[in-house]
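Following: one structure in structure tokens, then a few remarks.
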There are 2 protein chains.
Amino acid sequence: MSEDDFAWEIFFKENPKPVHFEENVALIHEFCQHSAIKKQRVALITSGGTTVPLEQNTVRFIDNFSAGTRGSASAEYFLEAGYQVIFLHRSKSLEPYFRHLSGKNIFDMIEIQPSSVTVDQQHQVELRKLAEKYQLYKCNLLMVSFNSLSDYLWLLQATAQEMHILGPLALLYLAAAVSDFYIPASQMPCHKIQSSSGPLSLSLPLVPKMLAPLVKIWAPNAFIVSFKLETNEKLLETKSKESLQKYHHHVVIGNLLHSRKVYVLLVDRISIHPEEIRLSACELEEGIEIESKIVENLKARHDQYYANHKTG
Amino acid sequence: MSEDDFAWEIFFKENPKPVHFEENVALIHEFCQHSAIKKQRVALITSGGTTVPLEQNTVRFIDNFSAGTRGSASAEYFLEAGYQVIFLHRSKSLEPYFRHLSGKNIFDMIEIQPSSVTVDQQHQVELRKLAEKYQLYKCNLLMVSFNSLSDYLWLLQATAQEMHILGPLALLYLAAAVSDFYIPASQMPCHKIQSSSGPLSLSLPLVPKMLAPLVKIWAPNAFIVSFKLETNEKLLETKSKESLQKYHHHVVIGNLLHSRKVYVLLVDRISIHPEEIRLSACELEEGIEIESKIVENLKARHDQYYANHKTG
């Protein structure tokens, strides 16, 4: 065993639990127990970016680009595919169903009459459709939010452990944009860093790779899907394959920052060549989202995984 | 003259203009010209935090904590006090009027009937009030948005310069949380920083102090108010006074991260003791916002400043 094998344990010793941790874990526990009794599939979807505070009284922090588009869209398709969904997301990032109204001006959607305030004709159709879907699926959806990297990792560990009872019924879909670097709590200054002290020098240690204990210890029977976001196309396939070889989980979805809404590649441990999913201009025009195809693909892979587990 | 006196010029030489810069400056130009002809007061309000990208294809960035609460609330009170308002804000931060609906679930505000979708009784009153105010003031309000520190500084310079024509009718209220540190464009890696290269070491030079050219060169006749946010109470008064002595503008509003919604102090060049504004528990209970008192105070100071200018 190398030093790295214990790095994750040291992380949890050195960084305190988030606020409301016990309450959230109790909700997750109940959700998983209930689903296990009913033999329902549960997908954990992580979504949005994590922050790395530079001060304990946080004024400044490092953030990872992510609006939560991939995660929130995928959550809807997993719900529609029959999954129970735990949506572990960055606070104020996009949420399933509500995402469709993001950035819309409510004053453009309503009509003020002398005697009433109504939704205008055009938006009635959209709001009705969304509200009906939300009503239909909200009992199958558990929302849990985080801000910092440390909060996220505490909740990820706890959720994966609670999902253990589900065995191969559990699917983990790790779409959150998680920081690779952090500042340990012990090295964080208490107060705002003063600019009078001159240029800012930061040295950020690597975050321990949590996929290792996640696959080996926390959720050894779950079907685990991770993401690899790159900006350099040349690195994408290699990086995705390396990740899979290192952690021995089930699927790595590679995507590029600038084409992530129309193109992904799926790498697994069996196929020599990665599977590609690409939206045509025509599909894009029709409003089809790539997440619908990703979830359809993963659902079929999870079916197979579950079948193998039962017979194996 | 010291080297620092030219640092701001070097900044603008080294960091490219934001996208849509010319279109935004044209809108600001028209807004200021129009107000100058009508002899209307114009307040520039900056709001929200700036980002400092760590990569050119930005996946990671340093952010400053700010939801835009102070700026968006103040914008409403300046509008109601008769100002024309340029609201230079971080994209997706809180906006005047719309801020009251932030975090509200629209599905909790509407009623789906078989034949119609309406706003429920409780929310009709609130939405009507907001929509009426928004309709009343929207022609006096110009919204311009930014993301990065560099975008913000380009727009700040251009707006201050365009406001020059307004002379002492111009008020600048610099409530944005602006980064003290940045990474020059030339030192930014093109692609996502790889975690395989080990711990992340960053060295961030200081951002040139733009208040110096703002007061001296860009808007020499405007009434200028800046903010000083601290986390350590002991530093607050000293830091606020130092800032005023250094830049020779008109008011520094000192505030603490944890009490900023109930307490500020105003430092000027005349009074020996700073003026304090504090909300009582009772006022807080009634929903009074500290920004209403800040704006009332500044309006009186600006009146005096304008009167002195005319007679002086």
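Checking every residue in the stretch A:138-156 against the condition of being surrounded by fewer than 18 Cβ atoms within 10 Å (Cβ to Cβ), within 13 Å of the chain's Cα centre (by Cα) and at pLDDT 95 or above gives at least one match. Screening the stretch B:172-225 for residues that are facing chain A (nearest Cβ under 10 Å), closer than 24 Å to B:Thr69 by Cβ and not aromatic (Phe, Trp, Tyr) and picking the one that is nearest to the chain's Cα centre (by Cα) gives B:Ala177.
For the stretch B:1-72, the strands (runs of 3 or more DSSP E) that sit wholly inside it and include 2 or more residues that are over 30 Å from A:Asp180 (Cα atoms) are B:42-47.
For B:Glu237, indicate whether it is of a type outside the set (S, T, N, Q) and surrounded by 18 or more Cβ atoms within 10 Å (Cβ to Cβ). Against the criterion (of a type outside the set (S, T, N, Q) and surrounded by 18 or more Cβ atoms within 10 Å (Cβ to Cβ)), B:Glu237 does not qualify. When the stretch A:186-220 is filtered for residues that are modelled with pLDDT under 90 and among the basic types (Lys, Arg), only A:Lys192 remains.
Does any residue of the stretch B:164-179 turn out to be part of a strand (DSSP E or B) and free of Cβ contacts under 8 Å to residues at least 40 places away in the same chain? The answer is no, given that none of the residues of the stretch B:164-179 is part of a strand (DSSP E or B) and free of Cβ contacts under 8 Å to residues at least 40 places away in the same chain.
Contact annotation: residue pairs with Cβ atoms under 9 Å, 6 or more positions apart or on different chains, pairing a residue in the stretch B:95-109 that is among the β-branched types (Val, Ile, Thr) with a partner that is part of a helix (DSSP H, G or I), are B:Ile106/A:Phe98; B:Ile106/A:Leu101; B:Ile106/A:Ile106; B:Ile106/A:Leu127; B:Ile106/A:Leu130; B:Ile106/A:Ala131. Return yes when B:Lys209 is assigned to a helix (DSSP H, G or I) and surrounded by fewer than 18 Cβ atoms within 10 Å (Cβ to Cβ) and no when it is not. Criteria not met by B:Lys209.
Picking from B:Phe223, B:Phe227, which residue would you name as being at pLDDT 95 or above, in contact with a helix residue (DSSP H, G or I) (Cβ under 6 Å, 6 or more places away or on another chain) and under 23 Å from B:Gly49 (Cα atoms)? Every option except B:Phe223 fails the conditions.
Listed here are the residues, each with its yes/no results for (1) modelled with pLDDT of 95 or more; (2) in contact with a Pro (Cβ under 7 Å, 6 or more places away or on another chain); (3) within 9 Å of another protein chain (Cβ to nearest Cβ); (4) farther than 24 Å from A:Ile294 by Cβ.
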residue: A:Leu44; (1), (2), (3), (4): yes, no, no, no
residue: A:Thr58; (1), (2), (3), (4): no, no, yes, yes
residue: A:Phe65; (1), (2), (3), (4): no, no, yes, no
residue: A:Tyr77; (1), (2), (3), (4): yes, no, no, no
residue: A:Tyr83; (1), (2), (3), (4): yes, no, no, no
residue: A:Met109; (1), (2), (3), (4): no, no, yes, yes
residue: A:Ser115; (1), (2), (3), (4): no, no, no, yes
residue: A:His123; (1), (2), (3), (4): no, no, yes, yes
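Among the candidates A:His302, A:His309, the residue that is assigned to a helix (DSSP H, G or I), closer than 20 Å to A:Ala81 by Cβ and modelled with pLDDT under 95 is uniquely A:His309.
Residue pairs whose Cβ atoms lie under 7 Å apart, sitting 6 or more positions apart in sequence or on different chains, and linking a residue in the stretch B:228-249 that is more than 9 Å from chain A (Cβ to nearest Cβ) to a partner that is surrounded by fewer than 17 Cβ atoms within 10 Å (Cβ to Cβ) and not in a helix (DSSP H, G or I), are B:Leu244/B:Arg269.
Any residue that is part of a helix (DSSP H, G or I) and farther than 18 Å from B:Gln194 by Cβ - is there at least one of those in the stretch A:223-234? The answer is no, given that none of the residues of the stretch A:223-234 is part of a helix (DSSP H, G or I) and farther than 18 Å from B:Gln194 by Cβ.
The values are calculated or read from the model by the stated rules, or taken from the named source; none is laboratory data. These numbers were taken from a predicted model, which means no experiment stands behind them. Counting neighbours? That spans all protein chains shown, and the Cβs are built from the backbone with ideal geometry, glycine included.
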